[in-house]
Structures are given as C-alpha cells and as structure tokens.
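Beneath this line is the structure, given in structure tokens, with notes to follow.
The values are calculated or read from the model by the stated rules, or taken from the named source; none is laboratory data. Computed from a predicted model, the values in this text were never measured in an experiment. Cβ placement follows ideal geometry from the backbone for every residue including glycine, while neighbour counts extend to all protein chains displayed.
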Amino acid sequence: MNKIFEAKDINLAGINSSLLEVNIGPQHPSTHGVFRMNAVLDGEVIVSLKPVMGYLHRNHEQIAENMSYAASMPYTDRLDYFNSMSNNLGYALSVEKLAGLEVPERAEYIRVIMAELTRLINHIAVIGFLLNDLGAFFTPVLYAFREREKILDIFEEISGSRMMCNYLRFGGVKRDLSPAILERIRGVVTAFPRFLEEFETLLTKNEILCMRCQNVGVLSPELAVNASITGPLLRASGVNYDIRKVDGYSVYPRFQFKVPLGPKGDVYDRYYVRILEMRESLKILDQALSTIPAGEIMSKKMIPFLKSPRNFKPPVGEAYARVEAPKGELGFYVVSDGTPQPWRYHVRAPSFINLTILEDMCLGQKVADAIIILGSVDIVLGEVDR
Amino acid sequence: MNIMDTEKVKTDIEKALGSVALKSIRSSLLIENAQDLPKVAKFLKEDAAYRLDYLSSVTASDFIEYLETVYHLYSMEKKTGPVTLRVRVPRTDPKIPSLVSLYRGAEFQERDNFDLFGIVYEGHPDLRRIMMWEGFEGFPMRKDYLQEDSETLESADVEWLEKNGVKVPEAAKAKAAELRQQGKRALAERRVEDKG
C-alpha cells in the first residue's frame with residue numbers, strides 16, 4: 001500500500017513513440033486570425049512547421065485592377081486593419097511617384113503625424129497581444145487598448161472612422177487639422193510616456209517575461225537579411241535598416257530620431273525594440289507638432305479629380321514606392337497603361353514575407369514557444385492573405 | 001538614398017559576365033534570356049561595388065503577349081538601391097529559374113506568383129499553391145481568367161444538392177444538363193469596363 005511508484009515499473013514495450021502531427025489553427029486564438037501552422041512534434045519539441053495561409057484571400061490586387069486609382073484607397077485600409085494610415089501612405093506615395101505629383105508641406109507633416117500615431121497604436125497593441133500569448137490573459141492588452149482608444153478617438157474625429165480611416169488622398173490629405181485637434185494630439189503625446197513608464201515597470205524587468213522570452217526564437221542577422229525580413233523583426237536582430245532613414249520619404253529627414261537595435265534577435269529584443277521605437281515615434285511627433293507649417297493640404301493639380309476620380313489617368317509607366325510601416329517594409333508596385341485603372345497593382349506585404357522564416361525560428365523550440373514566436377513576428381491576416 | 005544609374009549597372013554587368021543580353025526599359029534592366037537571371041543576381045549580390053543583399057519584392061505581371069517577373073533589389077549593407085530586374089517569358093510554358101537559393105526572401109513571393117500567374121520557378125524547393133486551395137484550377141491574376149458564376153449551378157452541384165436532400169428547381173437542372181452537354185463550365189461574363 002505504501003509502495004512508491006518507480007519508473008522501472010512502466011512497461012515501455014509496445015508503446016509507439018512516433019512523431020505527432022498537430023494543426024495549430026486556423027481557428028485558434030493564438031494564431032491572430034485564420035492562420036494555420038502545420039507542426040510536427042517530437043514529444044513537445046517542434047521538428048517541422050509549415051505555415052498555411054490563404055483563408056482570407058480575396059485577391060485584393062485584382063479588385064484594385066478593376067477600379068479607378070482613387071477607389072482602391074479605402075481597400076488599402078483593409079490590408080493591415082490596425083494601421084490603415086500607413087497603408088494609405090504607401091499607396092499614395094506610389095501613385096504620386098507614378099503621376100509625378102508634389103505634396104504641399106502641411107500635408108506632408110499631417111501624413112507623418114498620422115503615420116507615427118499609427119505606429120504607436122500598432123506597437124502597443126502587439127505588445128499587449130504578445131503578453132496574451134504568454135498567458136497574461138487580457139490584463140496587459142486592456143491597458144494597451146485604453147491608450148489605443150485615445151488615438152482612435154482622434155482618428156475618428158479627423159476621418160470619420162476609428163480604424164478604416166481612408167484619410168489620405170493622392171497629392172494631400174482629405175481634411176485639414178484644426179488647432180483644437182492638434183492640441184488634442186499634443187495632449188496624447190505628452191501623456192503617452194507616463195503610460196509607457198507604467199507599462200515598462202510591469203513588464204520590462206518582469207521575471208516571467210524575461211524567462212519566457214529571452215533566448216527564444218533567435219533570428220541571426222544574416223538569415224534575416226537573406227530572407228527579406230523588415231521592420232522591428234529585422235532591427236531586433238541588430239541590422240540597422242529603417243526606410244524612414246534610408247529613403248527619407250515625405251519629410252522624415254527633417255526630424256531627429258534614432259533607430260533602436262536589438263543585440264540578440266530573440267523574442268525579448270523584439271518586445272524591447274518596439275518599446276524603444278514608440279519612444280522615438282513620440283520624439284518625431286513632438287517635433288512635427290511644434291513645427292507644422294500653415295498652408296494648403298492638397299496639391300492644386302489633384303483638386304479637380306476629387307469629384308471625378310475616373311478622369312485621373314497617370315501617364316504610362318510604373319512605380320514602386322515603399323514605406324516603413326509598423327510591421328516592416330510596405331511596398332506598392334503600380335503599372336499604368338494610361339487608362340483610369342491600373343494595369344498591375346501589387347502589394348509587398350511585410351507580414352506575409354516575415355512569415356518566411358517562421359519555421360527556422362521555431363525548430364527545436366517547444367509548442368508554447370512557437371506561439372510567442374508567432375506573436376513576436378506580428379502578423380495581421382488581412383495583409384498576409386490579401 | 002543613393003539612386004543607381006541603370007546604364008552604369010548595365011555596362012558593369014556586361015563587363016563582368018560578357019555574354020548576357022540586357023536591355024534597359026524605364027530605369028530597369030530586362031534580361032533577354034530568362035536562364036541568365038541567377039548569374040546576374042549572383043553578380044549583383046556578391047560584387048563589392050553593389051552588394052545588393054536584399055531582395056525587396058518579387059512580383060509578376062500579365063502583359064497578354066508575355067508574362068513578366070519583376071525583381072526589386074536593394075542593398076542593406078550600403079543602403080543603396082533599387083536595381084530593378086525584369087524577365088519575360090511566353091504565356092505557354094512560362095519557366096524562370098528560382099532565386100530561392102540566393103535569396104530566401106523569394107520563397108513565399110515566388111509561390112504567390114506561381115499560384116496567381118502560373119509562372120513555374122525552376123529549382124524552387126516547395127512550389128505549391130499558397131493562397132488558393134489545392135486542386136484549384138486556373139490562375140486568377142491572369143487577364144483572361146474568368147470567374148465562376150456563383151448563381152448558375154453545374155451538374156456536380158445539382159448531384160451534391162440532391163444527394164443531401166435539397167430540392168433543385170427544374171429550370172436550374174435543365175441549365176446544368178445543357179452546360180454539361182456542351183462541355184462548358186458556368187463562368188461569369190467578364191465585366192466590361194469603360195476604358196475612356
């Protein structure tokens with residue numbers, strides 16, 4: 001009766017220890033949408049992992065090829081629905097490059113302000129969701145969403161919609177910012193560092209977070225460059241490549257900011273690089289808000305086309321423009337044949353291409369770690385599947 | 001950003017590789033023979049003056065007479081770019097050598113182009129459909145692709161519905177039988193766009 005159970009009592013004969021194939025997703029809360037990971041496990045260790053996508057595929061590119069240039073602008077909101085302003089910016093830049101349009105200075109400043117506010121929203125939400133994946137169920141994400149909501153309120157006031165903003169136009173922006181709105185944005189920017197401090201006190205040196213994230217899913221800089229990885233994922237691996245600095249599009253060269261880099265390229269570095277990037281975004285916002293000039297918000301050349309978008313016919317040619325979206329390099333490739341519709345419209349989606357190395361990062365890790373590695377890649381399925 | 005002069009890139013490639021036929025089109029380089037692509041990409045990636053180590057985008061276009069793949073190369077090391085390469089292949093039997101062994105970043109993008117345009121990238125380690133499901137027929141991004149008409153039933157649909165106890169109207173059945181007899185599928189009419 002008091003006999004202690006011993007390992008040698010287990011009869012292992014006849015027990016088959018073959019590999020186990022597990023489908024994580026497509027309907028799983030940790031895959032951040034309808035995404036499937038086809039994992040092969042040896043015990044709890046991953047020996048193969050194939051990402052399966054396309055559940056949300058709607059052939060966004062063909063939809064855009066069947067309508068006028070301006071009509072695709074609201075559709076770009078639906079790519080990465082967290083960052084509609086950055087998507088608008090990428091598309092507007094590519095068409096402006098194609099048609100050779102100049103953008104008034106005030107509009108450029110407004111664009112930068114919107115793009116940086118978007119970066120704050122994205123990074124704060126992705127850190128919240130990463131904590132969700134770690135098992136801190138919904139408390140950090142609600143702190144994050146409380147702050148995000150303040151920025152979304154501003155978006156709602158200027159564009160009429162919280163998330164699907166559709167605010168930028170070719171050659172400018174849809175509406176001007178009133179002094180009252182600028183004051184509100186200033187308020188958010190001044191209050192945000194305090195929230196970041198609070199968030200960091202809870203997280204950055206948190207023992208559980210450190211143990212779960214450090215040395216997990218390490219990505220070497222060589223592989224990151226070779227696999228076309230961009231955004232915070234690349235910079236966490238220590239590669240200094242930020243398109244705001246390299247291309248200097250819009251008015252970014254006028255602002256002082258640093259490019260935070262991670263020393264190791266693990267999940268923790270990706271978390272911390274995002275925190276630091278938010279601080280840099282706040283710096284850019286602060287400078288942009290204090291130096292925003294008065295003036296036009298729309299190129300004179302484009303005003304007639306606002307009411308008759310099908311008369312807008314860029315000259316025959318092609319353009320590839322890219323922006324540093326919060327998830328990485330967002331590129332738009334547009335080919336014009338001189339008609340009101342683009343002949344070819346292609347989106348270089350950062351979260352789609354960042355998934356290339358998901359398997360490399362997960363091999364040899366536990367299943368629970370694969371979930372946080374995916375969380376640290378930061379994908380949105382609207383953009384992956386297009 | 002340091003914008004590269006296409007003519008200079010062209011002369012440099014010709015000097016180094018000799019036999020490669022190149023043509024510059026709208027600040028990009030057309031490689032006349034698709035089989036030369038890996039050679040050119042390898043030169044641009046490894047040459048000390050270029051070091052184009054980052055393949056930003058791989059995309060295809062359908063120009064009716066031919067299919068085209070466009071590569072945008074940048075250098076992360078030197079922060080320069082882009083150099084745009086393009087390769088044209090005929091619509092029947094479109095084959096381009098894969099760049100995955102040089103740039104891992106091409107892996108999903110080439111699969112995407114294979115799926116939507118039907119361009120076969122030779123030497124790709126895992127060339128499967130990525131967006132559409134297995135067993136899907138046709139290439140949706142080609143300009144002559146016709147969508148299925150979701151309103152019209154085909155005979156296979158009628159069979160399935162009846163097996164599952166759904167009453168199918170006689171008119172729909174007759175239409176399905178007619179289509180089957182003609183050996184046609186139920187395809188949607190192409191929307192006529194005003195190109196004016």
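Some points to look at:
- Criterion: of a type in the set (D, E, K, R) and out of contact with any helix residue (DSSP H, G or I) (no Cβ under 6 Å at 6 or more places or on another chain) - qualifying residue of A:R279, A:R274: A:R279
- Only listed residue being charged (D, E, K, R) and part of a helix (DSSP H, G or I), chosen from A:R186, A:R162: A:R186
- Summed over segment A:288-332, residues that are assigned to a helix (DSSP H, G or I), over 16 Å from A:V112 (Cβ atoms) and out of contact with any Pro (no Cβ under 6 Å at 6 or more places or on another chain) total 9.
- Test: A:R344 is touching a Ser or Thr at 6+ places or on another chain (Cβ under 6 Å), away from chain B (no Cβ under 14 Å) and not β-branched (V, I, T): no
- From A:A180, A:A144, residue being within 29 Å of A:T31 (Cβ to Cβ) and outside any loop (DSSP other than H, G, I, E, B): A:A144
- First in segment A:28-45 and closer than 20 Å to A:G135 by Cβ and of a type in the set (S, T, N, Q), second anywhere and surrounded by 18 or more Cβ atoms within 10 Å (Cβ to Cβ) and at pLDDT below 85, Cβ under 9 Å, 6 or more apart: A:T31/A:G25
- Counting the residues of segment B:81-134 that are on the phi > 0 side of the Ramachandran plot, within 13 Å of chain A (Cβ to nearest Cβ) and surrounded by fewer than 18 Cβ atoms within 10 Å (Cβ to Cβ) gives 0.
- Consider segment B:67-80 and keep the residues that are under 16 Å from B:D47 (Cβ atoms) and among the aliphatic types (A, V, I, L, M). The one that is nearest to the other protein chains (Cβ to nearest Cβ) is B:M76.
- Within segment B:30-66, the set of residues being among the hydrophobic types (A, V, I, L, M, F, W, C), touching a residue at least 60 places away in the same chain (Cβ under 8 Å) and either more than 14 Å from every other protein chain (Cβ to nearest Cβ) or surrounded by 18 or more Cβ atoms within 10 Å (Cβ to Cβ) (or both) comprises B:A34, B:L37, B:A41, B:A60.
- Total residues in segment A:33-48 satisfying the condition of being within 13 Å of another protein chain (Cβ to nearest Cβ) and closer than 17 Å to A:D360 by Cβ: the figure is 2.
- Of A:K327, A:K313, A:K366, all but one fail to be under 20 Å from A:M67 (Cβ atoms) and of a type in the set (K, R); the exception is A:K313.
- Here B:A171 meets the list (1) assigned to a helix (DSSP H, G or I); (2) within 14 Å of chain A (Cβ to nearest Cβ); (3) among the aliphatic types (A, V, I, L, M) almost entirely, failing just condition (2).
- Within segment A:302-314, one or more residues are farther than 29 Å from A:G33 by Cα, touching a Ser or Thr at 6+ places or on another chain (Cβ under 6 Å) and either without any contact (Cβ under 8 Å) to a residue 40 or more places away in the chain or more than 11 Å from chain B (Cβ to nearest Cβ) (or both).
- Close Cβ contacts (under 6 Å, 6 or more residues apart or on different chains) running from residues in segment A:213-230 that are facing chain B (nearest Cβ under 7 Å) to residues that are among the acidic types (D, E) comprise A:V225/B:D53.
- Positions within segment A:347-383 being part of a helix (DSSP H, G or I), in contact with a helix residue (DSSP H, G or I) (Cβ under 6 Å, 6 or more places away or on another chain) and either more than 10 Å from chain B (Cβ to nearest Cβ) or of a type in the set (K, R) (or both), in sequence order: A:S351, A:M361, A:C362, A:A370, A:I371, A:I372, A:I373, A:G375, A:S376, A:V377, A:E383
- Scope segment B:135-168; condition more than 14 Å from every other protein chain (Cβ to nearest Cβ), among the polar types (S, T, N, Q) and surrounded by 12 or more Cβ atoms within 10 Å (Cβ to Cβ); matching residues: B:T152, B:S155
- Among the residues of segment A:2-49, those that are at pLDDT 85 or above, in a strand (DSSP E or B) and within 22 Å of the chain's Cα centre (by Cα) comprise A:V34, A:R36, A:M37.
- For the criterion of being within 30 Å of B:D5 (Cβ to Cβ) and either over 12 Å from the mean Cα position of the chain (by Cα) or not in a strand (DSSP E or B) (or both), B:G81 passes.
- Verdict on A:S84 being within 15 Å of the chain's Cα centre (by Cα) and at pLDDT 90 or above: yes
- For segment A:239-261, a residue qualifies if it is away from every other protein chain (no Cβ under 12 Å) and either of a type in the set (G, A, S) or farther than 17 Å from A:E277 by Cα (or both), and the qualifying residues are A:S250, A:V251, A:R254.
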